[in-house]
Amino acid sequence: MTSDHALVQRMAAGDERALGELYDRHGRAAYALACAIVGERADADEVVVDVFGQAWRAAAQFEPARGSVGSWLATIARTRALDLVRARGRRSRALERAAQLSVESGGEPADRTVERTEARGLVTRALADLPEPQRRAIELAYFGGLSQSEIAAQLSEPLGTVKTRIRDGMVKLRTLLGGDST
Amino acid sequence: MTDHEWLALAAPYALDALDGDDRAAFEAHLAGCEQCRVEVASFREVAGQLALVAPAVEPAPGLRDRVIAEARRVRLLASRIPRPASRIPWLAAAAALVLALAAGYGYWRERGDRRALEQAVLLARDSLAARDSLLNAVLAPNVGTANLAATGKPPSARLFWNPARRVVVIAVFDLPPAPAGRTYQLWGIATGKAPVSLGVFNPGPNGRLTTALAVPAELVFQVTAVTEEPAGGSPQPTQTPFLIGEVRRSE
């Protein structure tokens, strides 16, 4: 199978089919992430179109040394989704959704691809292995787009405590996830 | 800060959770610290995997077509941009940015009253009403905005363009005053055309400035840039812009 990176290179050369294939591989993941952050399906559509539009325009600047294509797309999707949430002034609802994520992760329909289901199981288990306060702080940062001091305010915890939780939680996640997913 | 303390910032940085000052300081440190860069990269992969926790939702079948249509539209836009003349190489950078424009930001051709505009600009200079005027210019519907940055590092600027009033408000951050006999000049650049001056400005010793500048009649621009020029400004830029940004329509 063509590698993701090869697809991105073909996109940089203007190959539309490569874009379609990249969407087939990563569109669902981007859509799921967008939905988790923005909530509304119509907004998630907009985010996904934006994400692949940006990937199309910036394909030539993609640097494989900085991470996988999947995490590149996820970064764009997260940023665009959080921008949209902020632009619409819906931050508090986004935070509620962020808080709901781990609760929901149990009983949802299976993903289409086996790899994604497996990878997802691994991350969900790793997150579940973290002490609750660490997991919560990390989820608020990632899905809620909050900074450390905003998380401290949100949870009414001292900033130092939040910093320690995020650091310790991320170190543990890195160990559990084996460091490399590319 | 000790090496150990810097390294401790890698995880929150990769999660995009550092507060502004910490982030700026850490980014400056990152530029010269390979160990921290490696650490950030490994945490970035961890953060990237968090995306997988999002519950699966099946996208609408039409979404793929929309994605492809967007790419076609971008290409069409790109094909309309003439090759930049080599004697103004930095226009190439501007053209590249235009490529990055997702269209649909639209063109605004509303015609404002010239006198009202000049008045607004005068007011915007020093009186108490200046704040109101700036605020109204910025908050009006259809205001275009642009973030001008030098690859994410300071200085930076934010531009608000109110086409109805033909005025731009620019807020500059972390920009030292221009050297003696020099000034900063703001440019509006329409796709494939030569830059048009939007005026000159000079921040105070604190590196900050918010000011209103008049936009020439009929000028519609998609890219905005700042250069350093001889006092009084130049008819055309003589330097490579150190701040550049694309104009977007506000939500």
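Residue by residue, here is whether (1) at pLDDT 85 or above; (2) within 27 Å of B:Ala69 (Cα to Cα); (3) surrounded by 14 or more Cβ atoms within 10 Å (Cβ to Cβ); (4) within 9 Å of chain B (Cβ to nearest Cβ) holds:
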{"site": "A:Ala44", "(1), (2), (3), (4)": "yes, yes, yes, yes"}
{"site": "A:Gln61", "(1), (2), (3), (4)": "no, yes, no, no"}
{"site": "A:Arg120", "(1), (2), (3), (4)": "no, no, yes, yes"}
{"site": "A:Arg125", "(1), (2), (3), (4)": "yes, no, no, no"}
{"site": "A:Leu130", "(1), (2), (3), (4)": "yes, no, yes, no"}
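If you scan segment A:3-18, which residues turn out to be free of Cβ contacts under 8 Å to residues at least 24 places away in the same chain and within 16 Å of A:Leu73 (Cβ to Cβ)?
Passing the criteria: A:Ser3, A:Ala6, A:Arg10, A:Ala18.
Would you be able to say whether some residue in segment A:33-40 is out of contact with any helix residue (DSSP H, G or I) (no Cβ under 6 Å at 6 or more places or on another chain), assigned to a helix (DSSP H, G or I) and within 15 Å of A:Asp83 (Cα to Cα)?
Yes; the residues of segment A:33-40 include at least one that is out of contact with any helix residue (DSSP H, G or I) (no Cβ under 6 Å at 6 or more places or on another chain), assigned to a helix (DSSP H, G or I) and within 15 Å of A:Asp83 (Cα to Cα).
Picking from B:Val200, B:Val223, B:Val196, which residue would you name as being within 30 Å of A:Arg86 (Cβ to Cβ) and either within 14 Å of chain A (Cβ to nearest Cβ) or among the β-branched types (Val, Ile, Thr) (or both)?
Step by step, each of B:Val200, B:Val223, B:Val196 is checked, and only B:Val223 is within 30 Å of A:Arg86 (Cβ to Cβ) and either within 14 Å of chain A (Cβ to nearest Cβ) or among the β-branched types (Val, Ile, Thr) (or both).
What are the residues in segment B:19-62 that are of a type in the set (Val, Ile, Thr), crowded, with 16+ Cβ neighbours inside 10 Å and either part of a helix (DSSP H, G or I) or at pLDDT below 85 (or both), if any?
Correct list: B:Val40, B:Val46, B:Val53.
Any residue in segment B:210-223 that is in contact with a Phe, Trp or Tyr (Cβ under 6 Å, 6 or more places away or on another chain) and either among the small types (Gly, Ala, Ser) or part of a strand (DSSP E or B) (or both)?
Yes, that holds for at least one residue.
When you look at B:Pro154, is it crowded, with 23+ Cβ neighbours inside 10 Å and either modelled with pLDDT under 80 or farther than 30 Å from B:Asp22 by Cβ (or both), yes or no?
Details: crowded, with 23+ Cβ neighbours inside 10 Å: no; either modelled with pLDDT under 80 or farther than 30 Å from B:Asp22 by Cβ (or both): yes.
In short, no.
Give segment B:19-38 a look and list any residue that's among the aliphatic types (A, V, I, L, M) and within 19 Å of A:Lys172 (Cα to Cα), or say none.
Result: B:Val38, single match.
Please specify each residue of segment A:132-182 satisfying the condition of being within 15 Å of B:Val53 (Cβ to Cβ), at the interface with chain B (Cβ under 8 Å from one of its Cβ atoms) and of a type in the set (S, T, N, Q).
A:Ser181
Pairs please, first residue from segment B:4-26 and more than 19 Å from A:Ala137 (Cβ to Cβ), second anywhere and part of a loop (DSSP other than H, G, I, E, B) and of a type in the set (D, E, K, R), Cβ atoms under 7 Å, 6+ apart in sequence or on different chains.
Close Cβ pairs satisfying both conditions: none exist.
Could you tell me which residue of segment B:30-60 is nearest to A:Glu118 (Cα to Cα), considering only residues that are free of Cβ contacts under 8 Å to residues at least 24 places away in the same chain and more than 7 Å from chain A (Cβ to nearest Cβ)?
B:Glu58
Would you point out the residue of segment B:176-205, among those that are among the hydroxyl-bearing types (Ser, Thr, Tyr) and under 16 Å from B:Pro237 (Cβ atoms), that is farthest from the chain's Cα centre (by Cα)?
B:Thr183
In segment A:38-63, how many are among the aliphatic types (A, V, I, L, M) and more than 15 Å from the chain's Cα centre (by Cα)?
6
The values are calculated or read from the model by the stated rules, or taken from the named source; none is laboratory data. Not measured: the values here are computed from a predicted model. We place every Cβ from the backbone using ideal geometry, glycine too, and count neighbours over all the protein chains shown.
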